[in-house]
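The values are calculated or read from the model by the stated rules, or taken from the named source; none is laboratory data. Note that the coordinates shown come from a computational prediction; the quantities given were computed from them, not determined experimentally. Cβ placement follows ideal geometry from the backbone for every residue including glycine, while neighbour counts extend to all protein chains displayed. With ligands, DNA and RNA removed, areas are computed over all heavy atoms of the protein, side chains included. Shrake-Rupley method; radii C 1.70, N 1.55, O 1.52, S 1.80 Å.
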Amino acid sequence: MKITVPPYQLRPMEDKDIDWVFRALSDPNVHQYYGVQCHTHEDARDQMKWYQNLVDSDTGLWFAIMHETGEPMGGIGLNDYSKAHRNAEVGYWLLPEYGGKGVIKSVLPAILEFGFST
């Protein structure tokens, strides 16, 4: 499942994203707001497992935010989804160089639409 919001493309997180996920979540400017901190690549592997567990348990889905050039920019997703209560939490983070540029403002409506329709 891919979601296109020009000039961005959202696609499910994949194991191959681990290096840039580690770079982001080991940066104090990112984890001070996101709340997940990676000190090692093992921590990043645990985060990648968490993303996959959301899919496997049908409790959410996280997307990589990619620029149309293929450059990774961050992550956004839904977790703690409850079918019974029809709700979920939205979370997101960006690599520091993409903060304050309107990326989340652009892609958040597509994630909300995905959550309500899918």
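So VAL21 passes all but one of these: (1) open to solvent by less than 40 Å² (accessible area, probe 1.4 Å); (2) hydrophobic (A, V, I, L, M, F, W, C); (3) within 24 Å of SER117 (Cβ to Cβ). Which condition number does it fail? VAL21 satisfies every listed condition except (3).
Only residues that are among the aliphatic types (A, V, I, L, M) and open to solvent by 80 Å² or more (accessible area, probe 1.4 Å) were counted across the stretch 67-118, and they come to 1. Taking the stretch 1-17 as the range and being open to solvent by less than 30 Å² (accessible area, probe 1.4 Å) and farther than 20 Å from LEU108 by Cα as the test, only ASP17 passes.
Contact map, the stretch 8-20: residues that are closer than 22 Å to LYS101 by Cβ paired with residues that are open to solvent by 40 Å² or more (accessible area, probe 1.4 Å), Cβ distance under 7 Å, separation 6+ or inter-chain. Pairs shown: TYR8/HIS67; TYR8/GLU68; TYR8/SER106; GLN9/LYS2; GLN9/GLU68; LEU10/LYS2; ARG11/LYS2.
Right, TRP62: touching a residue at least 60 places away in the same chain (Cβ under 8 Å) and of a type outside the set (Gly, Ala, Ser) or not? Considered against the rule, which asks whether it is touching a residue at least 60 places away in the same chain (Cβ under 8 Å) and of a type outside the set (Gly, Ala, Ser), TRP62 comes out as no.
Mind listing just one residue for me: the one in the stretch 24-66 that is farther than 22 Å from TYR98 by Cβ and of a type in the set (Val, Ile, Thr) and, of those, least open to solvent (accessible area, probe 1.4 Å)? Taking the candidates together, the pick is THR59.
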